Amino acid sequence: MLHFPVYKFNQFSSKFNQFSSRFALISSLHRCYLRQYHPSKKALGTVVETDRDLIFEVLSTVPSRKEAQSFLKRFTIPYTRPPIPKPKVAKVPSTDKRSSSELTESDTNQQELRKEQFIDSLFSTNFDHVALIKIQGPFTPFNLKSVAKSLVHLQKLGLMSIVVLDNDNWKEMLKEGPARFNELKKWMLEDATKLSEAIEVSGGKSTPISDGVFTLTNSHVPEKNTNNHYQYFKLPGRTLATDAGAKINVSLRWLKWCYNLGQIPLILPIALDGLLIQRTIPANSGMIELSRTISNPSNADSLNLKTPELEPMKIIVINSEGGIPSEERKGAHVFINIQQEYDYLKQSYKVNPEWNYTHPTGLENLELVKSCLENLPPTSSAIMVPAYSSAALVSNLITDKPRFSSSLPLTASTTPSTPITVLRYGAPVLFHHSLSTINIPSFQSLIEASFGRKLKIDDYLSRLENCLDMIIVVGDYQGAVVVTMEDAEGNKKGDLPYLDKIAVAPNSQGMGIADILWKQLQTNYPNLLWRSRDDNIVNTWYFERSDGNFRIPGTHWVMFWYGSDAINKLHEYAKVFKRIPASFF
């Protein structure tokens, strides 16, 4: 007998509790906001209405308590909770009892105090992290307003934005050469001014910067040439050198000024060459050099960006087309592990030539993100988002991951589509078909750290010697899955693919490792079964990715499966689950 209703009810109950918590949080957050920023009723007005959007955007991300705490650890100095005062109990005869209503009221007050302190922390952040943002127009006035508001919200939540401006329409004028340089620069300044005004209307501060950031050096300085006033450089890959030997250099002297005054710098892609002549450069090349400079303290002038106060951590591309298109799903890829999927994505553009019209700058932006993330810490991430969905940047900032998992079944009606792509430089994925190529100590440490239990290593390896089919390892044992081929009658190796272990190192959680592993399972195994203890907190994740589940009578196991063949083999599956020995002490 299948037990779907019980688990569906549990999922519904969980969603209901989540909604109730969010409703309570809205009320508390709004009171906290008014108290912190507007102590007087006279202060309420347009500003409150504008900034109230931030409150609801934060709430709309539906972060779990764990995700929100992770955000606070990354963006704030941990605060110490005040000790909970012990209730003063009067010395009375033992027959005198305090009413339960008094205890309940005291507990409620303490919970409200903690909740308001928690919410205060969300809005008391300083500039602790840096995002390099390419804003790639053109945008409609409505979308420009949306982008400006999102930048201001990110700033209030503790992210310092360094914006490089780009515009697809500039490319036509770029092709026309030096004669129209002044006209193009004027156009760039007009675009920067429009964005700056929109940021000011949204309650932020910004400043356009057209010089002092980029300079060009040449291996040989050309002779005076009045016809060489303007040149469009193509700087491939990471070389960043033109045919004439030009190289882009970055100065960050302006950044300290912007940081101290709370200004969002809006940088134009204009550089000064060795002859003190202004030239345009590709916005992507400027972004790549900025990422390299801010990650290298020796080149960061007087401001060290690797201190706890200021750390580069995110690349953002805001455009009109959104993320990288996907063949498998409607919309864009949800999550991309660049080290694993880069070549595949380039090939996909060749197979789908229509993408060159629907997403004409997708590959350019993929190259941009790849080059930037190569320069930044491995914990850094990137996101490509269309201007009309730029509010999703708030969610990505708090959770540092996609709004939904990329490993959810593509055919499920509950799996949404998205125009947004989250990217990480990630880690390579390696496939092992024998224990001889596995680093056993690293493998054991990963399993034990992930499960929090001691592995019966000798017995476990002995079992794998007889039935192992594949071990998929991500990076330097950041995560792994173990798949065996089982037989219902207990033969050494059968034909039933069984997910024996899925493990992610605790320090790698939240980086998309589990989704990377699950997508590989779906690619290599069209049918798969696995088991989990009925009290396992991960079961909700399994419910969303399985085609069915079954509680095995007389045991503490729940059986899961996906694939069309599984429903006809439930009896064999049950035999397998009862026979497999425990792996831990």
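If amide hydrogens are placed 1.01 Å from N in the peptide plane, which non-local residues have theirs closer than 5 Å to the one on Lys134?
Val164, Ile316, Val317, Ile318
Quick check: residue separation of Leu435 and Trp257 times 0.36 nm, minus the Cα distance between them. What number comes out in nm?
Stretched out fully, the Leu435 to Trp257 stretch lengthens by 58.5 nm.
Please report the spacing between the Cα centers of region 318-350 and region 455-481 in Å, no decimals.
The distance from the Cα centre of region 318-350 to that of region 455-481 comes to 31 Å.
By how many nm would the segment from Leu570 to Ile277 lengthen if fully extended, with 0.36 nm per residue of separation less the alpha-carbon distance?
98.0 nm
Over all pairs of distinct alpha carbons, what does the Kirkwood formula give as the hydrodynamic radius of region 432-512, in Å?
For region 432-512, the Kirkwood estimate is 13.1 Å.
Residues of region 556-575 with the amide nitrogen closer than 16 Å to a label point 7 Å from the Cα of Glu489, along Cα-to-Cβ, please.
Residues 572-573, 575 fall inside that zone.
So if we plug the beta-carbon distance of Glu183 and Glu328 into 1/(1 + (r/R0)^6) with R0 = 45 Å, what FRET efficiency do we get, rounded to 0.05?
0.55
Sequence-distant or interchain residues sharing an amide H contact under 5 Å with Glu486, placed H: which?
It is Gly494, Asp495, Leu496, Tyr498, by chain and number.
Would you mind calculating the relative contact order of region 501-585 from Cα pairs under 8 angstrom and at least 6 residues apart, reporting the percent as a whole number?
26
State the extension gain, in nm to one decimal, for the chain segment bounded by Glu374 and Glu176, taking 0.36 nm per residue of separation less the distance between their alpha-carbons.
Separation in residues times 0.36 nm, less the Cα-Cα distance, equals 67.9 nm.
With the full set of protein chains in place, find how many percent of the accessible area of region 418-512 is carbon and sulfur; take the probe as 1.4 Å.
48
Give me the one-decimal nm value for the distance between modelled label points at Lys454 and Thr140, 7 Å along each residue's Cα-to-Cβ direction.
A separation of 6.4 nm, rounded to one decimal place.
Using the Cα gyration tensor of region 522-569, with a ≥ b ≥ c the square roots of its eigenvalues, what is the shape: rounded (a/c below 1.5), prolate (a/b larger than b/c) or oblate (neither)?
oblate
The values are calculated or read from the model by the stated rules, or taken from the named source; none is laboratory data. Just so it is clear, the model here is predicted, and its values are computed rather than measured. Note that we place each Cβ from the backbone using ideal geometry, even for glycine, and neighbour counts take in every protein chain shown. SASA here: full protein model, heavy atoms, side chains in, ligands and nucleic acids out. Shrake-Rupley method; radii C 1.70, N 1.55, O 1.52, S 1.80 Å.
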